[in-house]
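Working notes, structure below.
The values are calculated or read from the model by the stated rules, or taken from the named source; none is laboratory data. This one's a predicted model, so the numbers in the text were calculated from it and none came from an experiment. Cβ atoms come from the backbone with ideal geometry, glycine included; neighbour counts cover every protein chain shown. When the accessible area is computed, the model is the full protein with side chains, heavy atoms only, and any ligands, DNA or RNA have been set aside. Shrake-Rupley method; radii C 1.70, N 1.55, O 1.52, S 1.80 Å.
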Amino acid sequence: NMIIKTDKAEFQSYLTDSSNLIGDANILYIPENSHELQELIKELYSNNESFTISAAGTGLTGGRVPFGGSVISIERLNQIIEFDKEYKTITIQPALTLYELEDFLEPHNLFYPPNPTERNSSIGGNISNNSSGARTFKYGFSRNYVESLTIILPDGDLLKITRRDKTINNKINLVTESGKKFAFHFKDIKMPEIKHSAGYYLKDGMDAIDLFIGSEGTLGIIIEIKLSLLETPENLLGLIVFFDDNKKMLEFVSHIRSISLNSFSKDYKEIDSISSRLIEYFDDNSLNILRPKYPQVPENAIGAIWLEQEYILEFEDKIISEWLELINNYTSLADCTWTAMNSKEHERLKEFRHSLPTLIFEITVAENHHKIATDTAVPDERFNEMYYFYKSELEKFGIKNFVFGHIGNCHIHVNLFPKSDEFDKANELYLNCINKTLELGGTVSAEHGIGKIKKKYLKMMFHDSGINEMKHIKKIFDHKNLLNQGNLF
């Protein structure tokens, strides 16, 4: 049966998320199944009571943090409903975590390509934010793998929507289970043609399902997700390459980025030369914090790049020798390159990448710092300009920082750790980075969404006209504005 808690002391942990924003609510509901959830939502909506949906709590923008009303945790909706190995699809409930999904798929030799970095995040949360991760460089976002959704609308009605429901002439046509029709026109908003996860997806000819993916839970509650999967590649080569020169490192990245992008149209089994499915960056400060745990990081390395290539055995020797030759052209630390070819070695490289946020978090807690992190991305041809802008700003402001992330997608996170008297400076630096991103045609959020924390940046990006278009759509589905109040706008 549904768990209901009215003593705030018992549900404190549901009033925050990984952004550390703290909210407030009067009551916590934990429904046992989707039928119970649907009945609860009908009741709350008819009583004009606001409610916030709570998933795994790994979000970084306060999306699940309630500001009043009720919190509904969907944690018990975590089942695998159907698995079709032949057609490579899986239908799941939203609270299943990425970790549980990967665990289930591994023995079947299938994988879910867009691997958001946080393995404890829920798939429902990932879809709500159109999340992404390191492999997004090759495989794209969560949205690319969503075949169908079942959604409880804010008034409790049920909507089933599949990838085949297209929009024509900027018009969305949907019919709910009870026969209610949603037919409305929308205006395109100019979204950058890059990795982007900020605001509603609105584009003529789009699939209607894409409106709900990345809408941060503001249009309905996802209760069932059908995902498409891919076959696990036969072999994987992992590399961590160390650099002693930033300029050479950026040239290397740009080279790998362009040859890899050109090869993605082919099946990996046909690729007999260099092609990386991810390109990840670690800056100088990141390497310094990792060195005590990993003394084999070269002393004079000022940056590192992590790469992964899928291949078949026939081309192994050719591919490895091409990589080693190329690396030699760009760094004098080529001999220090780490390689991974079996699962144990790959785990070591992954652990290196995942240790970084953990070590940073430990420092933050120990030194009582707050974190302010960018989530911006820019078009490929503007990345170097953005990179050097970050460098000069960080030098100018002198705030403790770590810069790392998805350099393949021109999306690196600048993580600032201001002391208590440096907050104003940190916010000024952050705003400078946002302004520069927008000037270069980039996005204010490439993967973590807007939530409650980054609303003003969404407005800077889309102006009143874009925000009003999004509000107009929100109102169509939630005319009382009771669901997930305060997200996006």
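Net charge in the neighbourhood of Thr97 (other residues with Cβ under 12 Å of its Cβ; Lys, Arg +1, Asp, Glu -1) is -4.
Note that region 1-64 presents 49 Å² accessible area per residue, ligands and nucleic acids not counted, probe 1.4 Å. The stretch between Asp267 and Asn235, if pulled fully straight at 0.36 nm per residue, gains 10.2 nm over its current Cα-Cα span. The fraction of all Cα pairs in region 335-489 landing in successive 5 Å bins from 0 to the largest distance is 2, 8, 14, 16, 17, 15, 12, 9, 5, 2, 1, 0, 0, given as whole percents. With the alpha-carbon atoms of region 106-208 aligned to their principal axes, the span from lowest to highest coordinate is 41, 31, 22 Å, starting with the largest. To the nearest 10 degrees, how steeply does helix 34-46 sit against the main Cα axis of the chain, on a 0 to 90 scale? Between helix and principal axis, roughly 60 degrees.
Give me the net charge for the shell around Glu280: Cβ to Cβ below 14 angstrom, other residues only, Lys and Arg +1, Asp and Glu -1. Each step should come with its number before you reach the end.
Details: positive: Arg135, Lys138, Lys195, Arg257, Arg277, Lys350, Arg353; negative: Asp283, Glu308, Glu351, Glu447.
Here the charged neighbours net out to +3.
Think of a 1.4 Å ball rolled over the protein heavy atoms: region 71-142 then has 38 Å² of accessible area per residue. The residues of region 334-489 have, on average, 45 Å² of accessible surface per residue, using a 1.4 Å probe with all protein chains present.
Projecting the Cα atoms of Ser275, Ser265, Ile302 onto the charge dipole of region 230-323, computed from C-beta unit charges around the Cα centre, puts Ile302 farthest toward the positive end. Taking the Kirkwood radius as Rh and the Cα radius of gyration as Rg, region 277-326 has a ratio of Rg/Rh equal to 1.09.
Solvent-accessible area assigned to carbon and sulfur over the chain amounts to 48 percent, based on a 1.4 Å probe. Note on region 177-256 and region 99-131: Cα centroid distance 14 Å, given to the nearest whole angstrom. Segment Glu102..Asn288, full-extension length gain: 63.8 nm, with 0.36 nm per residue of separation and the alpha-carbon distance subtracted.
Ordering of 124-131, 289-296, 372-379 by packing is 124-131, 372-379, 289-296, highest average first (other Cβ atoms within 10 Å, averaged per residue).
Seen from all directions on average, the chain presents a Cα convex hull projection of 23.0 nm². Protection proxy ranking for 331-339, 173-181, 221-229, using the average of other Cβ atoms within 10 Å per residue and placing the highest first: 221-229, 331-339, 173-181.
Quickly estimate the mean residue ellipticity at 222 nm for the chain, helices only: each DSSP H run with n ≥ 4 gives -39500 (n - 2.57), and the total goes over all residues, rounded to 500.
Numbers: 12 runs with 155 residues, N = 489.
Helix-only estimate at 222 nm: -10000 deg cm²/dmol.
The Asp335 and Asp464 beta-carbon pair, evaluated with R₀ = 60 Å, returns a calculated FRET efficiency of approximately 0.60. Once Rh for region 116-168 is found with the Kirkwood sum over Cα pairs, what is the Stokes-Einstein diffusion coefficient at 25 °C and 0.890 mPa s, in µm²/s? D, rounded to a whole number, is 193 µm²/s. Look at the dipole of the chain built from charges on Cβ: of Met461, Val414, Ser254, the Cα furthest out on the positive end belongs to Met461.
Highest mean packing comes first when the peptides 94-101, 41-48, 213-220 are listed by Cβ atoms within 10 Å, giving 213-220, 94-101, 41-48.
Other residues with beta-carbon under 14 Å from the beta-carbon of Tyr330 carry, at +1 per Lys or Arg and -1 per Asp or Glu, a net charge of -3. Relative to the longest principal axis of the Cα atoms of the chain, helix 316-330 runs at roughly 80 degrees.
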